[in-house]
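The next block holds one structure in the form of C-alpha cells; read it before the comments.
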C-alpha cells in the first residue's frame, strides 16, 4: 500500500477510474471531517444549516442507500432500523446534532466498508454497464455507471461544502490529505 | 447560451448510456449547476467571501474557466488560449482567483462560456479519432493520463467547486438547491 492510496490510476479502465474517483473522495471527505469534537461537528457557517456531522451522517445513508436499494434491492442495513432514519434527507442533518463524534464516524466508516463490498460484488457479477435493481422500480433502464457517476457528483459537492466548513472550524485547508494520513486503524 | 454550427451543444446525461455519453453528460450537468450557482449577481456580490475562506463566486468562475482551458484546449488540443497564455503564473500562482475581483460579471460569464465552448469543440475533435482510452495530447506529467481520467477529474472538480458555491451563494441571496429548478432547465 502506498502513502497515497486514494490516488486513482493515470490511464486505467473505466471501473478503476470511477471507483478510484469515488475512493479518493471518500478519503478526502473523511479527512475534512476527521478528529473533531461535538462542537466542531455541529459548527455552522453563515445561514446554511449544513454541518460536518450532518454530512457524515448524510453520506453514510447515501452510501448504504446506493449499495442496497439502488444496486440490489436488499434492505437498508440494520444500523438504520432503530436509529430513526426515515428516508428524508433532512433527518440526517438535524439528528446528527444529538450524536456523539464516535457514533458519527462509526456510522460513516461502517457504510463505506459495506458499500465497497457491495460494489465489488455487483461489478463481479457482470460489470458496470449492467442494469441495477432500481431500474425495475422506476420502470426504465439504469446502469451501474450512472449510479456511480451520481455518487461521485454527490460526494464532490458535499466535499466542497466540507472544505469551507472545516476551514471555518480550525483552518484546515487543502485538496487531499497529507501522504501517509489514515483516518482510523483498519479503514483501508 | 450561444451555440453555433461548429460548437457542439451540451450532452444529456443518460440513465443507461455508454461510458463516454455518461461522462460527458455528467460533466454538462455539473456545468449547468455550477453556472446556476455562480452567475446572475452584481459585481460586489460576486466578490463576497464567507467565513475565513477567500473563495468568491467571481474567483470560482474564473478559476473553473482556467481549468476548462487547461484540461481541454491545452490538454486535448495542445494550445493554451488567451487570456491565460500571457499570464505570469510564476509571479502569482493564484492569478485567476485574484484578478477575478477586477472583472465584471458579464466578462466572467463570457469568459466561462467561451472556455466551455472551446472545451466541447476540443472534445469532439479529439473523439473524432480517439476514445476514452486514448492518452491526452498534452500533460504536465511525464506519463499522459487517458481521456477517461481527465473527464472523471473534471466532474469531480466541478462538483467540489459547486459545493463551495453552494455555501457562498446561500450566504449572499439565500439561493439553495441541488440542481436547477425545472423551469430554468431549458435555457
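The values are calculated or read from the model by the stated rules, or taken from the named source; none is laboratory data. Predicted, not measured: the structure shown is a model, and the values here were computed from it. Here Cβ is always computed from backbone atoms with ideal geometry, including for glycine, and neighbour counts include all displayed protein chains.
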Any chance residue A:174 is more than 9 Å from chain B (Cβ to nearest Cβ), surrounded by 12 or more Cβ atoms within 10 Å (Cβ to Cβ) and modelled with pLDDT of 95 or more: yes
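Against the condition at positive phi and at pLDDT 95 or above, how does residue B:174 come out, does it pass? Break it down stepwise before answering.
Details: at positive phi: yes; at pLDDT 95 or above: yes.
So residue B:174 passes the test.
Can residue B:153 be described as under 26 Å from residue A:55 (Cα atoms) and either in contact with a helix residue (DSSP H, G or I) (Cβ under 7 Å, 6 or more places away or on another chain) or within 8 Å of chain A (Cβ to nearest Cβ) (or both)?
yes
For (1) surrounded by 23 or more Cβ atoms within 10 Å (Cβ to Cβ); (2) within 27 Å of residue B:55 (Cβ to Cβ); (3) more than 7 Å from chain A (Cβ to nearest Cβ); (4) within 19 Å of the chain's Cα centre (by Cα), each residue gets a yes or a no:
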residue: B:123; (1), (2), (3), (4): yes, no, yes, yes
residue: B:126; (1), (2), (3), (4): no, no, yes, yes
residue: B:131; (1), (2), (3), (4): no, no, yes, no
residue: B:164; (1), (2), (3), (4): yes, yes, no, yes
Where residue A:161 falls short, out of the listed (1) at the interface with chain B (Cβ under 9 Å from one of its Cβ atoms); (2) surrounded by fewer than 19 Cβ atoms within 10 Å (Cβ to Cβ); (3) closer than 23 Å to residue A:49 by Cβ: (2)
Neighbours by Cβ (under 6 Å, 6+ apart or cross-chain): first from segment B:39-51, more than 14 Å from chain A (Cβ to nearest Cβ); second assigned to a loop (DSSP other than H, G, I, E, B) and surrounded by 15 or more Cβ atoms within 10 Å (Cβ to Cβ): B:47/B:56
Wholly enclosed helices (runs of 4 or more DSSP H) of segment A:1-120 bearing at least 2 residues over 22 Å from residue B:155 (Cβ atoms) and away from chain B (no Cβ under 12 Å): A:38-42, A:52-65, A:89-95
Which listed residue, of B:116, B:87, B:136, is touching a helix residue (DSSP H, G or I) at 6+ places or on another chain (Cβ under 8 Å) and under 24 Å from residue A:11 (Cβ atoms): B:136
When residues of segment B:7-27 are limited to those that are within 12 Å of another protein chain (Cβ to nearest Cβ) and within 16 Å of the chain's Cα centre (by Cα), the one surrounded by the fewest Cβ atoms within 10 Å (Cβ to Cβ): B:25
Inter-residue pairs, beta-carbon under 7 Å, first part of a loop (DSSP other than H, G, I, E, B) and in segment A:124-145, second exposed (fewer than 13 other Cβ atoms within 10 Å of the Cβ), 6+ apart: A:133/A:73
